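S.K.: Sending over a structure as structure tokens; questions will come in a sec.
The values are calculated or read from the model by the stated rules, or taken from the named source; none is laboratory data. Bear in mind that the values here come from a model prediction, so they are computed numbers and not experimental data. Cβ: placed from backbone, ideal geometry, glycine included. Neighbour counts: every protein chain shown. Accessible surface areas use protein heavy atoms only, side chains included; no ligands, DNA or RNA. Shrake-Rupley method; radii C 1.70, N 1.55, O 1.52, S 1.80 Å.
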Amino acid sequence: MVNQSADGVLDKHRDNVRVFIDQFFVCPASRMLLLCFLLLSPTLQGWAQRVLGQKKSDLCVCKVNATMWSFPIVRYEAVQEQVETCEESLHSLQEQVLISNQRFPQIQSQVANLTARLEPYQYLHDRGLYTALSIRLLGEELSQLETDITVVHSQLNNAQSKKLTKEVVKLHKDVQKMQTSDTVNMKTVKEKLRFLKNNVESCKSIPKHFRGQHKHCLKGLITNISDPVITKINPYDKNYISGSWGKQAQMDSEWDKETYWVQVLVSSHIYGNTFRLYQTYKDFMRSANHREATFASSTTVSTSIEGPSAVLYGKGLYYHCYRSADICRYDLQTNDVKRVTLPGTGVGFNNKFPYCYYDCRANSDVDIEADETGLWALYATVGNHGNMVVSKLFWDNSSTTINVSQTWETRLFKKAASNAFMVCGVLYATRYVDDYKEEVFYAFDTATGKEDNSLSLPLEKVAKGVASLSYNPVNRQIYMYNDGYLLAYQAYF
């Protein structure tokens with residue numbers, strides 16, 4: 001195709017040359033020797049050709065080199081090859097741009113995902129609690145993403161690719177900063193723990209000769225827990241799987257020492273506003289002769305109960321107030337409700353730090369307990385990184401107020417426990433073993449700050465879920481609300 005076209009152009013030029021010569025370079029015989037100038041079509045370099053003619057036999061004869069006007073086939077083919085190469089390169093670039101445009105949403109999604117994943121580490125970064133492995137993996141992902149976005153940016157180089165490049169670079173710097181400062185944070189933590197090291201280096205559990213400071217606490221830690229000594233369905237209905245129950249827990253109370261009570265969460269197994277009282281153990285076991293007490297007008301007001309958290313102590317029912325970080329006290333004689341806000345940064349409520357282990361118990365964030373030393377609130381805070389916090393409560397009769405006297409922060413992650421209770425100022429935590437057994441595995445002594453995570457005290461049960469556990473110092477029994485069943489155990493020291 002190319003050769004035929006070139007030959008045609010060459011033939012056309014030759015014909016033009018012949019016609020031009022015939023018309024202008026054939027001179028009459030009578031004329032003298034003429035100097036003829038042949039001005040033909042411009043050459044490829046833009047030149048004209050000048051030739052000298054001679055008179056021969058009354059003719060003016062000149063020789064013209066027609067090859068100057070030959071078609072540049074070789075150059076034409078070279079140019080055409082370059083054009084074809086450019087077309088192939090352009091086609092390849094268009095495909096790359098198309099692929100990059102298709103990958104752009106994916107890369108944007110990855111950037112958004114990594115940004116979201118990095119946000120939780122910012123808090124942990126401030127506290128120095130993140131793990132080196134998590135940060136390293138995140139850094140590797142960012143490095144790969146940075147490589148991908150660099151390739152795309154080199155192909156597109158538009159405002160969107162520039163923005164993504166800046167975002168990835170910023171994320172990478174943040175991760176590198178966190179990696180760099182981790183050593184500093186760990187050193188800070190080690191420095192803070194240095195003063196404890198000498199005391200607990202060789203003793204990582206509460207000693208067996210431990211004795212509580214209260215006059216009733218002279219036998220150390222719990223050594224055994226009996227099989228259930230009471231097993232019955234709650235008096236409302238077995239379908240009410242969350243609640244709490246027990247016996248009036250104030251040891252020196254002159255008011256109804258034998259009173260039993262049951263509080264069930266009737267709204268979504270989370271909220272409630274009433275509870276039942278039985279004057280005797282016999283009435284409780286028969287579910288007869290009860291008194292119905294109402295401490296809130298409905299299950300959704302500020303004085304309603306949230307979560308399985310109640311305990312009857314003296315003349316008051318203490319419980320977690322509806323959707324708040326407050327403890328409420330309902331007075332059985334006056335029907336007044338008093339409240340106090342728990343101390344701590346970011347106190348967990350509304351299912352933020354419930355008891356879990358495997359399955360979480362809805363809205364079990366705040367747990368009220370009683371023992372020989374008084375009342376306690378068990379909960380977790382953001383400030384303590386979701387670990388258990390223990391606060392000592394007391395009721396001031398003169399001012400009719402609830403107060404918080406002391407607070408301890410433990411290292412037990414609250415969601416790693418299925419439930420907890422207090423005995424002689426010692427926090428005991430349980431974990432799930434199987435559908436018919438729980439295990440007391442942890443203890444924290446508020447008197448010494450020592451802990452023991454090597455306990456293994458079984459608690460038999462009849463159903464899978466544990467809504468609440470509470471200890472009664474009067475008879476040293478432990479009460480469990482077990483998915484609608486009421487179980488009691490004897491504690492031994």
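S.K.: Would a scan of the range 407-417 turn up a residue that is over 29 Å from the mean Cα position of the chain (by Cα) and among the acidic types (Asp, Glu)? Walk me through it before giving the result.
M.R.: To start, the set of residues in the range 407-417 that are over 29 Å from the mean Cα position of the chain (by Cα) comprises none.
For the range 407-417, residues over 29 Å from the mean Cα position of the chain (by Cα) and among the acidic types (Asp, Glu): absent.
S.K.: Are there any pairs with C-beta distances below 9 angstrom linking a residue in the range 370-399 that is farther than 17 Å from GLY307 by Cβ and among the basic types (Lys, Arg) to a residue that is open to solvent by 10 Å² or more (accessible area, probe 1.4 Å) and in a strand (DSSP E or B), with the two at least 6 apart or on different chains, and if so which?
M.R.: Filtered contacts from the range 370-399: LYS392/VAL404; LYS392/SER405; LYS392/GLN406; LYS392/THR407; LYS392/TRP408.
S.K.: Out of all the residues in the range 309-317, is one or more touching a strand residue (DSSP E or B) at 6+ places or on another chain (Cβ under 9 Å), polar (S, T, N, Q) and either at pLDDT 95 or above or not in a strand (DSSP E or B) (or both)? Break it down into steps so the answer makes sense when it comes.
M.R.: Pass one, the range 309-317, residues touching a strand residue (DSSP E or B) at 6+ places or on another chain (Cβ under 9 Å): 309-317.
Pick out the ones that are also polar (S, T, N, Q) and you get 309.
In the following step, the residues that additionally are either at pLDDT 95 or above or not in a strand (DSSP E or B) (or both) were identified as 309.
Yes, because at least one residue in the range 309-317 is touching a strand residue (DSSP E or B) at 6+ places or on another chain (Cβ under 9 Å), polar (S, T, N, Q) and either at pLDDT 95 or above or not in a strand (DSSP E or B) (or both).
S.K.: Just to check your reading of the model, which residue among SER309, SER242, SER298, SER304 is touching a residue at least 12 places away in the same chain (Cβ under 8 Å) and surrounded by fewer than 20 Cβ atoms within 10 Å (Cβ to Cβ)? Can you show your working first?
M.R.: Working: SER309 fails: surrounded by fewer than 20 Cβ atoms within 10 Å (Cβ to Cβ); SER242 fails: surrounded by fewer than 20 Cβ atoms within 10 Å (Cβ to Cβ); SER304 fails: surrounded by fewer than 20 Cβ atoms within 10 Å (Cβ to Cβ).
When all the criteria are applied, what remains is SER298.
S.K.: Further question: Got a sec? Which of LEU133, LEU129 is of a type in the set (A, V, I, L, M), open to solvent by 40 Å² or more (accessible area, probe 1.4 Å), part of a loop (DSSP other than H, G, I, E, B) and modelled with pLDDT under 70?
M.R.: Numbers: LEU133 fails: part of a loop (DSSP other than H, G, I, E, B).
Matching residue, one of LEU133, LEU129: LEU129.
S.K.: A further question on this structure: State the number of residues belonging to the range 443-467 that are of a type outside the set (Asp, Glu), open to solvent by 10 Å² or more (accessible area, probe 1.4 Å) and not in a loop (DSSP other than H, G, I, E, B).
M.R.: 3
S.K.: Further, regarding this structure: Somewhere in the range 418-441, is a residue part of a loop (DSSP other than H, G, I, E, B) and β-branched (Val, Ile, Thr)?
M.R.: No, the conditions are met nowhere in the range 418-441.
S.K.: Given the residues ARG339, ARG329, which is the only one that is in contact with a Gly (Cβ under 9 Å, 6 or more places away or on another chain) and touching a residue at least 40 places away in the same chain (Cβ under 8 Å)? Step through it out loud before you land on a result.
M.R.: Numbers: ARG339 fails: in contact with a Gly (Cβ under 9 Å, 6 or more places away or on another chain).
None of the others qualify; the one that does is ARG329.
S.K.: Give the residue that is surrounded by the most Cβ atoms within 10 Å (Cβ to Cβ), with candidates limited to residues of the range 352-382 that are among the aromatic types (Phe, Trp, Tyr) and part of a strand (DSSP E or B). Step through it out loud before you land on a result.
M.R.: Keep residues of the range 352-382 that are among the aromatic types (Phe, Trp, Tyr), which gives 353, 355, 357-358, 376, 379.
Imposing the further condition that a residue be part of a strand (DSSP E or B) reduces the set to 376, 379.
On the way: TRP376: 23, TYR379: 26.
Result: TYR379.
S.K.: Assigned to a helix (DSSP H, G or I), open to solvent by 50 Å² or more (accessible area, probe 1.4 Å) and either of a type outside the set (S, T, N, Q) or modelled with pLDDT of 75 or more (or both): does that describe VAL97?
M.R.: Numbers: assigned to a helix (DSSP H, G or I): yes; open to solvent by 50 Å² or more (accessible area, probe 1.4 Å): no; either of a type outside the set (S, T, N, Q) or modelled with pLDDT of 75 or more (or both): yes.
Judged against the criteria, VAL97 is not a match.
S.K.: Return only the number of the condition from (1) open to solvent by 50 Å² or more (accessible area, probe 1.4 Å); (2) aromatic (Phe, Trp, Tyr); (3) in contact with a helix residue (DSSP H, G or I) (Cβ under 6 Å, 6 or more places away or on another chain) that PHE394 does not satisfy.
M.R.: Among (1) open to solvent by 50 Å² or more (accessible area, probe 1.4 Å); (2) aromatic (Phe, Trp, Tyr); (3) in contact with a helix residue (DSSP H, G or I) (Cβ under 6 Å, 6 or more places away or on another chain), the lone unmet condition for PHE394 is (3).
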